[in-house]
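Below is one structure, written out as C-alpha cells, with a few remarks after it.
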Amino acid sequence: MTSSLKIEGVSAWYGEFRALSDVSLAVEPGQTHALIGANGAGKSTLMKLLCGLIPHWTGRIELDGKPLPPGNPEAAAALGLALVPEGRLLFDSLTIEENLLIGQSARPGPWNMTTLLALFPILREKRRQYPAQLSGGQQQMVAIARALASNPAILLCDEISLGLAPAVVREVYAALDRVRAEGVTVVLVDQDIERACRDAAAVTCLMKGRVTHRGPAAGVTPTTLREAYFGVRA
Amino acid sequence: MIEILFQGLTLGGLYGMIGAGLALNFGILRVVNLAHGELITLGAFMAVGLIVVQPGLPLPLVLAGAFLGCAVLGGFIQAVFVERAMSFRDPMVAMLVTFGLAVMIRNGLIETLGADLRGLDVGGLGQAGFRFFGVSLGLLPLVTLGIALLAFAALAFLIFRTRFGREIRAVSDRPEIAALMGVRVKRVHMGVAALSAGLAALAGVLLAMRASVSPFSGVAHLLIAFEVVVLGGLGAIRGVLLAGLFLGMVQVIGARFDPNAGLLYVHMAFFVALALRAATGRLKA
C-alpha cells in the first residue's frame, strides 16, 4: 500500500529565526517528490521537521490522514516516516548488520535483513564490519537500508548524492527506483537538480523558507527553475 | 607474590565494579552521576537490611535483592528527575540534580539508620580459606573477585550480544537518529540508569562483605569510581575493569611497603597514568 503526505501552512523556527514560512505541498502516493532549492532554503529543515527532530512549528502535516505530532521522532517512525540523513549519520559502534537491525522494531513490512541485503548485495560481505571501514557510497547504502528497515511508508532522503562518485549515484538512484516499486513513497533532496528532476514525478522548490515552485517534474524548464531557485525573472 | 597478586586482583575487581556503573551512566547518558557513591552505600545498606530481616539469606539472593532495589530506584530517579534535567543544553544541570540526590540519599540513610558503621555478616565465609601453591588465601576475596568478573561478563554480554545492548549503543552514538529508527530513547535511558544503579549496589554489597560502610562512605567511593572511569575510558567496559585491576594492584603493593598509606598510592598512580597519557597524546581521545 502506498501512502500520501500532506503539508499545509507549515512554519518552523530555530529560536528567533523563522526557517520555514507557510509551506504547503502534497506528496502523491507511490511517487518520488524532489525538494530543491539553494543552501539555506529550508529543505533539510522540512525533512527534519517531518521526522520529529524540530519541535517548534505550526501548521498541519498528515500522513494518510493521520496528523503528525511535533517534535516526536518515535511517533514519526511509528507513523511510517524514515530519514536518510545528510552525512549518513550511521551508528559508529554498531556493525553494519546491527545498524540494519536497529530499525526493525518500528513497523512490520516487507523489508528485513534478507530483502535489504538483496537491495544492496555489496553489504552482504560487509555486514560484520563497522561504518568507518566502508566507502562513502557503501555508507550511503547502509543509511538507505537502515531507514528502510523500519518499513516506512515514506522514505525521506536528504542530500542523497552528496559526495558520491557518479557511478555510485546511479546505483543509489536505481535502488530508490526499486524501493518505490515496492510501494514506498520517496521524498528526496539533492543538489544535483537535473538528476533529481529526472527521477522525480513532482518537484517543489524552496527559497528562504517559502515555496516558490510546485508542480510536475516534467514541466520544469531552466527558466522556471531560475525564477524559483534564485527569484530572478528571465 | 601470589598473595599480592591475588589481593590486588580481588581489590581491583571491586574497584572495577565501583567504576562500572558510573562509566555506563556517563558513556551512554552523558550524565556525571554524583549520586553514584551514595547508590553504592545504599546497595550495601540494603544488603545489611536484608540479612537483618531474613538472617541466613543466601548470598546470591542478597546480591539480587540489593541489585533489584537499587535498579528500581535508579530507573525511577532517571525517569522523574534526571531525564528532565538532561533536556537542558548545559550538562551542569543534570550534574547538580544528581548532587542534590546524593545529599538526599545520604541524609535519608542517616535519618533512618543512623551514622554508624555497618558490615555485612557473611558467616563462615569470612574465615574460610584454601591453600594455593603453598600460600594460604581467603575464600571471601575469591568469591568477591568471582562475582565482579561474572558481573562484568554479564554486562559485556548485555551490551554486545542483546537487542537492548544494541539499542544502548545506538542511543549512545546518535540519540536523535536512534529515535528516528523507533528506539524508545527515554526507556533506554531508564534501563541504563537502572543497570548503573544495580551495578553500584553490587559493588556496595561486595564492599560491605569485606569492610564496614557508613552513610558517609559515598564520597570516597565516588572518588575511586571517577579514577577508574577516567583511566578506563567513559563507557568502556573492558577498560574500566583493567583500570580497576591496575588501581587495586597499586593499592595492595603500596600497602605492602607502606601499611599506613591508605589510598595515597592509588591516587598517585592515577595522576602518573594521566600524565603519561597526556604526554603520549592519548588524552584527546
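The values are calculated or read from the model by the stated rules, or taken from the named source; none is laboratory data. Just so it is clear, the model here is predicted, and its values are computed rather than measured. Because the Cβ atoms are built from the backbone with ideal geometry, glycine has one as well, and the counts that use them run over all protein chains shown. What goes into the accessible areas is simple: the full protein's heavy atoms, side chains included, and nothing from ligands, DNA or RNA. Shrake-Rupley method; radii C 1.70, N 1.55, O 1.52, S 1.80 Å.
For helix B:59-77, report the angle its Cα long axis makes with the longest principal axis of the Cα atoms of chain B; keep it between 0 and 90° and round to the nearest 10°.
With both axes taken from Cα atoms, the answer is about 30 degrees.
Quick check: the angle from helix B:185-210's long axis to the longest principal axis of chain B, C-alpha only, nearest 10 degrees?
The two axes meet at around 10 degrees.
Take every Cα pair under 8 Å in chain A that's 6+ residues apart, average their separations, divide by the length, and report that relative contact order as a whole percent. Working shown, then result.
Values: 489 pairs, mean separation 62.9, N = 234.
For chain A, the relative contact order is 27 percent.
Straight distance only, please: which lysines reach the Cα of A:LYS66 with their own Cα at less than 16 Å, same-chain residues fewer than 8 apart left out?
Filter leaves A:LYS6.
For B:THR162 and B:ALA278 in one chain, what is 0.36 nm times their gap in residues minus the Cα-Cα distance, to one decimal in nm? Before the final figure, lay out each step's value.
Values: separation 116, 0.36 × 116 = 41.76 nm, distance 3.53 nm.
Contour length minus the Cα-Cα distance gives 38.2 nm.
Relative contact order of chain B, please, whole-number percent, based on alpha carbon pairs below 8 angstrom and at least 6 residues apart.
Working: 455 pairs, mean separation 115.9, N = 285.
The value is 41 percent.
Between the stretch A:1-68 and the stretch A:96-141, what is the separation of their alpha carbon centroids in Å?
Between the Cα centres of the stretch A:1-68 and the stretch A:96-141 lies a distance of 27 Å.
Determine the per residue accessible area of the protein assembly as shown with all protein chains present and a 1.4 angstrom probe, expressed in square angstrom. Numbers along the way, then the final one.
Details: 23230 Å² over 519 residues.
I get 45 Å² per residue for the protein assembly as shown.
Fully extended, how many nm does the chain gain between A:ALA167 and A:ARG226 (0.36 nm per residue separation, minus their Cα-Cα distance)? Please list the in-between numbers first.
Working: separation 59, 0.36 × 59 = 21.24 nm, distance 2.76 nm.
Extending this stretch completely gives an extra 18.5 nm.
At 222 nm, what value in deg cm²/dmol follows for chain A if DSSP H runs of at least 4 each add -39500 (n - 2.57) and the sum is divided by all its residues, to the nearest 500?
On the way: 8 runs with 73 residues, N = 234.
Only helices count here, giving -9000 deg cm²/dmol.
At what distance in nm do the modelled label points of B:SER136 and A:GLU16 sit from each other, each positioned 7 Å from its Cα along Cα→Cβ?
7.8 nm
Tell me, what is the percent relative contact order of the stretch B:148-251, built from C-alpha pairs under 8 Å that lie six or more residues apart?
Details: 45 pairs, mean separation 18.4, N = 104.
So the answer I get is 18 percent.
Please determine, in degrees from 0 to 90 and to the nearest 10, the orientation of helix B:139-161 with respect to the longest principal axis defined by the Cα atoms of chain B, where the helix direction is its Cα long axis.
Long axis of B:139-161 versus the principal axis of chain B: about 20 degrees.
Calculated from DSSP H runs of 4 or more alone, at -39500 (n - 2.57) each and per residue, what is the 222 nm mean residue ellipticity of chain B, nearest 500? Let's see the in-between values first.
Values: 12 runs with 205 residues, N = 285.
Mean residue ellipticity at 222 nm (helix-derived): -24000 deg cm²/dmol.
Round to the nearest 0.05 the FRET efficiency obtained for B:MET268 and B:ALA211 when R0 = 22 Å and r is the Cβ-Cβ distance. Intermediate values should be presented prior to the final figure.
On the way: r = 22 Å, r/R0 = 0.99.
For B:MET268 and B:ALA211, the calculated efficiency is 0.50.
Could you tell me which helices of chain A pass both thresholds, a Cα extent of 20 Å or more along their own axis and a mean Kyte-Doolittle hydropathy of at least -1.0, with helices taken as whole DSSP H runs?
Details: long enough: A:166-181 (23 Å, 0.27).
Qualifying helices, which must be both long enough and hydrophobic enough, are A:166-181.
Sticking with the crude label model, points 7 Å out along Cα→Cβ, report the distance from B:ALA115 to B:GLU176 in nm, one decimal please.
4.9 nm
Take the alpha-carbon centre of the stretch B:1-62, take the same for the stretch B:142-165, and report the distance between them in whole Å.
13 Å
With r as the distance between the Cβ atoms of B:MET95 and B:ARG238 and R0 = 22 Å, compute the FRET efficiency 1/(1 + (r/R0)^6) and round to 0.05. Please report the intermediate quantities before stating the final value.
Details: r = 26 Å, r/R0 = 1.18.
Rounded to the nearest 0.05, the efficiency is 0.25.
Taking Rh as the Kirkwood radius, which is the inverse of the mean 1/r over Cα pairs, what is the Rg/Rh value for chain A? Mind dumping the intermediate values first?
Working: Rg = 17.1 Å, Rh = 17.8 Å.
Using only Cα positions, Rg/Rh for chain A is 0.96.
Contour minus end-to-end for A:SER24 and A:MET113, with contour as 0.36 nm per residue of separation and end-to-end as the Cα-Cα distance?
Numbers: separation 89, 0.36 × 89 = 32.04 nm, distance 3.59 nm.
Separation in residues times 0.36 nm, less the Cα-Cα distance, equals 28.4 nm.
For the pair B:LEU125/A:ARG60, report the inter-label distance in nm, with labels modelled 7 Å from Cα in the Cβ direction.
Distance between the two pseudo-spin positions: 6.5 nm.
Could you name the aspartates and glutamates whose alpha carbon sits less than 18 Å from that of B:LYS186, not counting residues in the same chain fewer than 8 places away?
Here the aspartates and glutamates satisfying the reach criterion relative to B:LYS186 are A:GLU74, B:GLU83, B:GLU167, B:ASP173, B:GLU176.
So, in Å, what gap is there between the alpha-carbon centers of the stretch B:218-278 and the stretch B:100-136?
Between the Cα centre of the stretch B:218-278 and that of the stretch B:100-136, the gap is 21 Å.
Kindly rank B:40-49, B:66-75 from highest to lowest mean number of other beta carbons found within 10 Å of each residue. List each step's numbers first, then the result.
Values: B:40-49: 27.1, B:66-75: 22.0.
Peptide ranking by packing, descending: B:40-49, B:66-75.
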